[in-house]
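Participant: Before we start, here is the structure in question, set down as structure tokens.
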Amino acid sequence: MANIKSAKKRIKVIEKKTMQNKMFKSSHKTLVKKYTAAVAAGDKAGATTLYTQVVKKTDKAAARGIMHKNTAARRISRYSLMLNNMSA
């Protein structure tokens with residue numbers, strides 16, 4: 001355990017940020033699962049609405065530093081490909 005006041009504060013702040021990141025990642029994963037399930041089921045309308053939500057959430061993760069920007073771009077590309085292949 002830290003003895004210095006600023007170090008104690010950093011520990012609290014890090015714990016808080018870690019929880020926020022975990023919540024964000026969890027909700028993002030849930031949204032991706034819903035999207036992939038909609039694509040697998042062939043639900044074009046549902047997949048289209050979920051696609052916009054997934055892309056927005058992924059972009060936000062990259063902006064917040066939760067996910068690397070190249071990783072976000074790669075995943076968005078894959079989501080787009082899934083949706084495009086569904087209609088073909």
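Participant: Of the residues that make up the range 43-56, is at least one exposed (fewer than 14 other Cβ atoms within 10 Å of the Cβ), more than 18 Å from the chain's Cα centre (by Cα) and of a type outside the set (Asp, Glu)?
Facilitator: Yes, some residue in the range 43-56 is exposed (fewer than 14 other Cβ atoms within 10 Å of the Cβ), more than 18 Å from the chain's Cα centre (by Cα) and of a type outside the set (Asp, Glu).
Participant: Scanning for something out of contact with any His (no Cβ under 9 Å at 6 or more places or on another chain) and outside any helix (DSSP H, G or I), does the range 69-80 turn up at least one residue?
Facilitator: Within the range 69-80, none of the residues are out of contact with any His (no Cβ under 9 Å at 6 or more places or on another chain) and outside any helix (DSSP H, G or I).
Participant: Here is a check on your reading of the model: is Asn70 more than 10 Å from the chain's Cα centre (by Cα), polar (S, T, N, Q), modelled with pLDDT under 95 and at negative phi?
Facilitator: Working: more than 10 Å from the chain's Cα centre (by Cα): yes; polar (S, T, N, Q): yes; modelled with pLDDT under 95: no; at negative phi: yes.
When the stated conditions are applied, Asn70 does not pass them.
Participant: Quickly run through the range 75-88 and pick out the residues that are within 14 Å of the chain's Cα centre (by Cα) and surrounded by 13 or more Cβ atoms within 10 Å (Cβ to Cβ).
Facilitator: Scanning the range 75-88 gives Arg75, Ile76, Tyr79.
Conditions (1) in a helix (DSSP H, G or I); (2) under 17 Å from the mean Cα position of the chain (by Cα); (3) exposed (fewer than 12 other Cβ atoms within 10 Å of the Cβ); (4) not acidic (Asp, Glu), marked per residue:
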| position | (1), (2), (3), (4) |
| --- | --- |
| Ile14 | yes, no, yes, yes |
| Asn21 | yes, yes, no, yes |
| Thr30 | yes, yes, yes, yes |
| Lys34 | yes, yes, no, yes |
| Val39 | yes, no, no, yes |
| Asp59 | yes, yes, no, no |
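Participant: Output the number of the condition that Ala72 fails; it satisfies all remaining conditions of (1) surrounded by 15 or more Cβ atoms within 10 Å (Cβ to Cβ); (2) over 26 Å from Asn85 (Cα atoms).
Facilitator: So the condition that Ala72 fails would be (2).
The values are calculated or read from the model by the stated rules, or taken from the named source; none is laboratory data. The structure presented is a predicted model; accordingly, all values stated were derived computationally and were not measured. All Cβ positions, even for glycine, are placed from backbone atoms using ideal geometry, and neighbour counts span all protein chains on display.
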